[in-house]
Amino acid sequence: MPIENPAPAGSAPLAPPRQAFIERSHQRSEALGLKRSDCGLAPLIRSDLNVARERNQRLYTHAAPVMQLLYEQIVNTESMIVLTDAQGTILHAVGDDGFLARAHRVALAPGENWAEHSKGTNAIGTALFEETATLVHGGEHFMHANNFLTCSASPIFDPRGNMLGVLDVTGDHRGYHQHTMGLVRMSARMIENHWLSDDYNSRLRLHFHSRPEFIGTLLEGILVVSPEGRLLGANRAALDQLGMSGAELRSRSLSSLLGTTPAAIYDHFRMPLSPPMQLSLPTGQSLFVSARFDWPSRPVVAGLHRADVDVAQAREPATVIEPPASAVGADASQRFSGLQYLRTGDAQLETVIQKVRRVLDRGIPLLILGETGTGKELLARAVHHDSSRARQPFVAVNCASIPESLIEAELFGYEEGAFTGARRKGAPGRLVQANGGTLFLDEIGDMPLALQARLLRALQERSVTPLGSTKSIAVDIAVIGATHRNLREMIAAQTFREDLYYRLNGLALRLPALRERSDLEAIVRRILQAERPQDTPELSPQVLAMFSRYQWPGNIRQLANVLRTAAVMSAGERLVTTAHLSDDFLDDIQRAVGGVMPLPAPAPVWSACEAPTVLPAPQPVFATAEPAMARTLEQAEIDMIRATLDAVGGNISLASKQLGISRNTIYRKLRWNSPAAE
């Protein structure tokens, strides 16, 4: 149908896509039975307006300061700023007094509904329907009474893509400015960014753009990431840059989208003034990424959640992690995402996970058994993550790392002056800090015997009495204990209370040692991916064989430390070789394995003009009966390099490709081990 005043004054006629956009809205208005001569005056009664405002109080809180800032840009231009809810009801308006009075005559005031079904084609209602920024100028309005207006509206979305409302600037059509829509869109994005930060102020937030100078501006994209690497939400700038919908984004992980992990992000930005990371999308597009987070402990990295708390750290406040957003009311697939992270293919660990799932939220205390470094705290955190207590604190206490003279005060708290050195005003104990959540008592077998009785009483009575106080504090906590000791033997030796043992041992879970697990390669891949997300290396066959034979007395913690060093040493190379492992670890392997692992044969060399030729392999290096005759790993590696060079006629580049190491490494090895250097 023909559109009156089809373009803003002084501008070109409507482009075909925009003309079709307005015409579709007019057709909807006619289908609703509206008349162009209608005035659409049907305001809400005052009580209904109050209900709408109360229901949208949070939207108003975020929008009001932005509206005031926007008004300062358009003051004295015969304009007003309007905020509506997702149904089109005007919640708030600010503007020039004279224009507010004119707008009131056409019901453009708080309490009025400006959805299309009420006012026909208009920027607010059409923006709500089309879910996109909308300009409606003069005669483009469906109702003739509104033809003196020009309206620029932008919808406001939450981080999950749900419509919150609309921000609109309306003015006299004779004073239309083309920059107004840009101001409205930017203001709407400011509100969305404030909402996102409020929703996820304790989550990892990635701020990114293809140009680093735009990070920190309204043009930056923002992604919200869970500790497991799930993408929880994003602002519109992020969706625009990534070219995907909110639903599509939430189906992806940080690893699949940007090829990195929360652990790698955390490690990069844990130092002040860290530069942005440069990451790549699957399309190859490069992005510069900065991060904001408020995590009190290092995120999960390949079976380890954080390093052990040493004595100095133990005197600091308890380790508390923020709960996951999906912990309560999630569906079955989301509910066990914490435990799901632990699954790497080992049958023994799978059995442990299935047992935990059966007793989750049943009030059954857990006792986790296993050697040091097997991931007992990680399992405890996963249980907390998947429980109904996930939105409450997780407090970890290492009973072995806190001095015996302080552990009672740390656990139960104390009043001012309770003992020499006590803080002014006292301090809450770990049990009180864990109220409503989960208390993880690591190395419970190292708790002093006298303190065990008091802990048992607190758990049974569900109350705590701080040192120096006569008042009890009620607590509601789930308790998970862990130890590497044999508590039954300690009970027999009367060094651990039997009644406390049975109070803690509702279900005992034994974590297998790393040497007993079948998923070593999967764990290695996860650690290396966390340390080098952009160019994740692999283990050379020789190193993998060594790792498979080694007993790993420090379990996953030791493996992570070894690989963390190797990932740094092998920077720029695609394979981790023995040259990238620390000398003390190589010494440990030689002592433990009893000799040196056999070296794999080099890969075949293919010439561009000749038939393929297989390089001769050096003789395997085995342990001998006499230690003095055993060759070192370093010497075996040098022999491998020399044999490969001989086979390729001294071509350093070709030897580098065959061995999977850099040219510089070959030069360094041969220079350090040449007779001249000795």
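Region 47-109 and region 501-576 have Cα centres spaced 58 Å apart. Per-residue Karplus couplings for region 220-228, computed as 6.51 cos²θ - 1.76 cosθ + 1.60 with θ equal to phi - 60°, are listed in order as 6, x, 10, 10, 10, 10, 7, x, 8 Hz, Gly and Pro entered as x.
Normalising by residue count, region 472-583 has a Cα convex hull of 189 Å³ per residue. Charge tally around SER463: other residues with Cβ under 11 Å, Lys/Arg +1 each, Asp/Glu -1 each, net +1. Structural descriptor for region 160-249: relative contact order 24 percent, calculated from alpha carbon pairs under 8 angstrom and at least 6 residues apart.
Here PHE585, PHE157 are placed in order of increasing Cβ neighbour count within 10 Å, fewest first, which gives PHE585, PHE157. If R0 is taken as 51 Å, the Cβ-Cβ distance between GLU538 and HIS177 corresponds to a FRET efficiency of 0.30. Between GLU23 and GLN340, what FRET efficiency follows from the Cβ-Cβ distance if R0 is 41 Å, with the result rounded to 0.05? For GLU23 and GLN340, the calculated efficiency is 0.25. In this label model, ARG462 and SER256 are separated by 4.2 nm, measuring between points 7 Å along each Cα→Cβ vector. When GLU220, GLU23 are sorted by how many other C-beta atoms sit within 10 angstrom of their C-beta, beginning with the fewest, the order is GLU23, GLU220.
For region 339-414 and region 433-483, what is the separation of their Cα centres, given in Å? The two parts, judged by their Cα centres, are 15 Å apart.
Net length available on complete extension from LYS355 to MET569 is 73.0 nm, with 0.36 nm assigned per residue and the Cα-Cα distance removed.
The modelled label-to-label distance for the pair ASP476/MET186, using points 7 Å beyond Cα in the direction of Cβ, is 4.9 nm. Charges were assigned to the Cβ only: +1 to each Lys and Arg, -1 to each Asp and Glu. The resulting dipole of region 16-188 about its Cα centre is roughly 160 debye. Under the simplified labelling scheme, the SER548-GLN278 pair shows an inter-label distance of 3.8 nm, with each label point 7 Å from Cα along Cα→Cβ.
A simple count of charges around HIS62, restricted to other residues whose Cβ falls under 9 Å of its Cβ and scoring Lys, Arg +1 and Asp, Glu -1, yields -1. Backbone geometry of region 508-523 corresponds, through the Karplus equation with coefficients 6.51, -1.76 and 1.60 at θ = phi - 60°, to 3J(HN,Hα) couplings of 8, 10, 9, 8, x, 5, 4, 5, 9, 8, 9, 10, 4, 5, 5, 5 Hz, x marking Gly and Pro.
Maximal additional length on extending the GLU72-ARG160 stretch stands at 28.6 nm, based on 0.36 nm per residue less the C-alpha distance. Look at GLU521, GLU228 and count the other Cβ atoms within 10 Å of each Cβ; fewest to most, that gives GLU521, GLU228.
In units of the compact-protein estimate 2.2 N^0.38 Å, region 496-540 shows a Cα radius of gyration of 1.96.
Is the shape of region 200-292 best called rounded, prolate or oblate, per the rule: a/c under 1.5 gives rounded, else a/b larger than b/c gives prolate, else oblate, with a ≥ b ≥ c the square roots of the Cα gyration tensor eigenvalues?
Rounded, because the longest to shortest axis ratio a/c is under 1.5.
Residues within the reach of a label modelled at ARG102 (point 7 angstrom out along Cα to beta-carbon, backbone nitrogen below 11 Å), restricted to region 152-193, are 171-176.
What net charge do the residues around LEU509 carry, taking every other residue with its C-beta under 11 Å from that of LEU509, with Lys and Arg at +1 and Asp and Glu at -1? Please report the intermediate quantities before stating the final value.
Details: positive: LYS355, LYS376, ARG510; negative: none.
With Lys, Arg at +1 and Asp, Glu at -1, the neighbours total +3.
In this structure, the amide hydrogen of LEU509, modeled 1.01 Å from its nitrogen in the peptide plane, lies closer than 5 angstrom to those of LEU367, ILE368, LEU369, counting only residues at least 5 positions away or on a different chain.
Each value in this text was obtained by applying a stated rule to the coordinates, not by laboratory testing. A quick note: this is a predicted structure, and the numbers were derived from the prediction, not measured. Using ideal geometry, Cβ is built from the backbone for each residue, glycine included, and neighbour counts are taken over all protein chains shown.
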